[in-house]
Amino acid sequence: MSPQSKDSPLAPEWLSVPADLNTLEPKMWAQDAARNDSGELTVGGIPVSELQQQYGTPLFVMSEDDFRARARAFSDAFNNAFADICGGVDVYYAGKSFLCTAVVRWVEEEGLRLDTASGGELAVAAKAGIPGADVALHGNNKSDLEIHRALDMKLGRIVVDSLGELVRVGDIAERRGEQAKVMLRLTPGVHAHTHEFIATAHEDQKFGLSMAADTTEQAGLSAAEEAVAAASAHPGIELLGLHCHIGSQIFEPDGFALAAQKLLRFLAAMQEKYSIVLPELDLGGGYGIAYTSVDTPRPAAEIAEAMAAVVRSTCAELGIDSPRISIEPGRAIVGSTTFTLYEVGTLKTVRVDAPAEAGASDGGNNVTYPRRYVSVDGGMSDNARPVLYDADYSAILASRTSTAGPQLSRVVGKHCESGDIVVRDVYLPEDVAAGDLLAVPGTGAYCWALSSNYNYLARPGVVAVRDGSARLIVRGETEEDLLNRDMGV
Ligand SMILES: Cc1ncc(COP(=O)(O)O)c(C=O)c1O
């Protein structure tokens, strides 16, 4: 056995020991998160121990000021970049990342619109009172009820995903004596994730209408074109334009730019062939954020400029006016505004052989290395992303600072599942103990939204902090909530 070295051979290659375990790396945190004089994590000046006392743990702690600032910054960056091309952009906040009525109001007050993906999300939008004209509805399998609801709310756009759905939306609207405002979701054959994108001929996924030429029964006709033709001929449809969404957690602009170029070329071809005008083009969401120290998302302005340059040059090359551009960021607005606060419970250290690829030679002495398991009072029920996508997160000791050395740790939840991991690999101070508070940053997007009641854990509440005061925007569930759907028969 050997003592814990500074860099553990058990750590993944990308993870190094931070110079100071107490430091908050600004790119992962809300702008008003900081440590106070006694070393405790605060947001908007409120210490996490106060939040724990008042609201308990686990708890999602969201900075409303940071949310608003990010929403404005994103919108300003894209509006500036596209001002000369199409007078700016419409930014639809992707509600699937995190949605409640307070957030809808913030979005509206900051001049953004709202992207929804189900009847339930539409219900939140309606309850918050946002005008339907500022709301979009997505989904690859919308029910008739959802389509009626979208029409009742006079939505600004229904993003249609397939030919069958197009006909259903058109027929329902026609029977109601209305026209549905429709965008067609296309798959441009560009997939992107973080640094790479791949361009493929076909899209092997459930969403959208393929732009590949052999995707209908008619030779040479793409599903996308078939839908354009059907939409422009249907009396119940007002075809606004085209949409695509190429992936998530994307850092580089190239994939967005290529998708924009492909859609513009297709849009120009359709306008000419069918003598129509398609005034809108939505380039989706997917802009990445920093979950760990090695994540390096580009500033929104850089991405916006790169996309604008391609839209500008492609429209010039095609000799068309640019359609009005819209985007649908979710994670990039809400992700870093929030951390999850947990209380530490059980701790256990195991000793593990170094993985062969770590190159740690034991000289035949069977050297093992410690990995400490730090159990917290939540887990995969409040953050499913590590289990679902192998997502990496980071964590800090939040209730105090520590001068203890670094110990490679795995933050795990309390569920009956060995894959119940919150942070797979992180260096935490050796003296982390039961009762300490841990904070996991970057949990604003797709954590609360994906939360579950596995093992009958109550889903945590969400606290918003603004101007130095905190309030619950979503209350945590109680045991009564958990039991009140059990019919007992
Ligand atoms: C159609 C569409 N738009 C926008 C988004 C938001 O993506 P992100 O939160 O990565 O920006 C998604 C996410 O899945 C999506 O499917």
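Couple of notes before you dig in:
- When restricted to residues that are outside any helix (DSSP H, G or I) and within 14 Å of the ligand (Cβ to nearest atom), the range 90-122 contains 17.
- Positions within the range 384-400 being in contact with a Leu (Cβ under 8 Å, 6 or more places away or on another chain) and surrounded by 17 or more Cβ atoms within 10 Å (Cβ to Cβ), in sequence order: 384, 385, 395, 396, 397, 398, 399
- Checked against (1) farther than 28 Å from residue 237 by Cβ; (2) under 21 Å from the mean Cα position of the chain (by Cα); (3) at pLDDT 95 or above; (4) away from the ligand (no atom under 14 Å from the Cβ), residue 306 meets all criteria but (2).
- In the range 274-289, the residues that are within 16 Å of the ligand (Cβ to nearest atom) reach residues that are of a type in the set (A, V, I, L, M) and part of a loop (DSSP other than H, G, I, E, B) with C-beta atoms within less than 8 angstrom, at least six apart or across chains, in these pairs: 284/246; 286/246; 289/445.
- Scanning the range 251-269 for any residue that is on the phi > 0 side of the Ramachandran plot and either touching a strand residue (DSSP E or B) at 6+ places or on another chain (Cβ under 7 Å) or part of a helix (DSSP H, G or I) (or both) turns up nothing.
- Filter result (open to solvent by 20 Å² or more (accessible area, probe 1.4 Å) and within 16 Å of the ligand (Cβ to nearest atom)) within the range 224-246: 245
- Number of the condition not met by residue 204 [criteria: (1) over 26 Å from the mean Cα position of the chain (by Cα); (2) assigned to a loop (DSSP other than H, G, I, E, B)]: (1)
- Checked against (1) farther than 20 Å from residue 296 by Cα; (2) under 18 Å from the mean Cα position of the chain (by Cα), residue 42 passes all but condition (2).
- The range 165-181: number of residues that are part of a helix (DSSP H, G or I) and open to solvent by 50 Å² or more (accessible area, probe 1.4 Å): 5
- Candidates 463, 440, 412, 422: the one that is over 23 Å from residue 10 (Cα atoms), in the same structural domain as residue 42 (by TED's automatic domain parsing) and either under 27 Å from the mean Cα position of the chain (by Cα) or exposed (fewer than 13 other Cβ atoms within 10 Å of the Cβ) (or both) is 463.
The values are calculated or read from the model by the stated rules, or taken from the named source; none is laboratory data. This structure is a prediction, so every number in the text was calculated from the model and none was measured. FYI the Cβ positions are ideal-geometry reconstructions off the backbone, even for glycines, and counts take in every protein chain you see. Surface accessibility is based on the protein's heavy atoms, side chains included, excluding ligands, DNA and RNA. Shrake-Rupley method; radii C 1.70, N 1.55, O 1.52, S 1.80 Å.
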